[in-house]
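Quick notes on the structure that follows.
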Amino acid sequence: MVALEEALPETTRIADLVESLLTLARADEGRFDIHRERVELELLAREVSETASILSEPAGLTVTMSEPAHVAVLGDAARLRQLFLNLTTNAIKYTPRGGSVQIALTSHEHTAAFSVRDTGIGISAADLPHVFERFYRGDPARARAGGAGLGLSIARWIALAHGATLTLESPAGLGTHATVLFPRTAAAG
């Protein structure tokens, strides 16, 4: 029984890895359908913020979210949730105890933006151009945090599939700022 309990986390990790690889393979082949419906990003941002608050407690982090804008897009709610959670959990994973993670959803004349800003370790200038590559895990400090190096590849694919862009700004040692920018043409009101 002990052996089974010890094997469960590894089995879960491998299952997640396989699922991530299948997602990317299907996306590459154009076999991944995005179920488009009206998605209230405000509700999604609030849900992700609540999840982030729970996940950040053991790490001793503070998660805050400014009042989110009322904006909707035509998209796949499950995939957008995956995108937002990926960015948020990365922020939590790479922010040391006592740090903070700020989540925002803003609306502008031509765009809507979901962003996550952390006070974490940041990404080196040498690694930043490669972080969206599959299996890329540059800085050894980041590699120790776990993961297979597929999360940002999937996040970028989800953003692109929704007509959005995903950008990262990260001065080394000063945290990371991830932004998903939706053009108003993708908005549903």
Tell me the accessible surface of T165 in square angstrom (1.4 angstrom probe, heavy atoms of protein chains only), to the nearest ten.
70 Å²
With R₀ set to 22 angstrom, the calculated FRET efficiency between the beta-carbons of T64 and T165, to the nearest 0.05, is 0.35
In what order, largest first, do E42, E37 sit by accessible area if the probe radius is 1.4 Å?
E37, E42
Note down the accessible area of V39, probe 1.4 Å, to the nearest 10 Å².
10 Å²
Would you tell me the accessible area of H177, worked out with a 1.4 angstrom probe on the heavy atoms of the protein chains, in Å² to the nearest 10?
30 Å²
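The values are calculated or read from the model by the stated rules, or taken from the named source; none is laboratory data. All figures in this text were calculated on a predicted structure; none of them were measured in a lab. As a convention, Cβ positions derive from the backbone with ideal geometry for all residues, glycine included, and neighbour counts pool all protein chains shown. Just the protein is used for accessible areas: all its heavy atoms, side chains included, with ligands, DNA and RNA removed. Shrake-Rupley method; radii C 1.70, N 1.55, O 1.52, S 1.80 Å.
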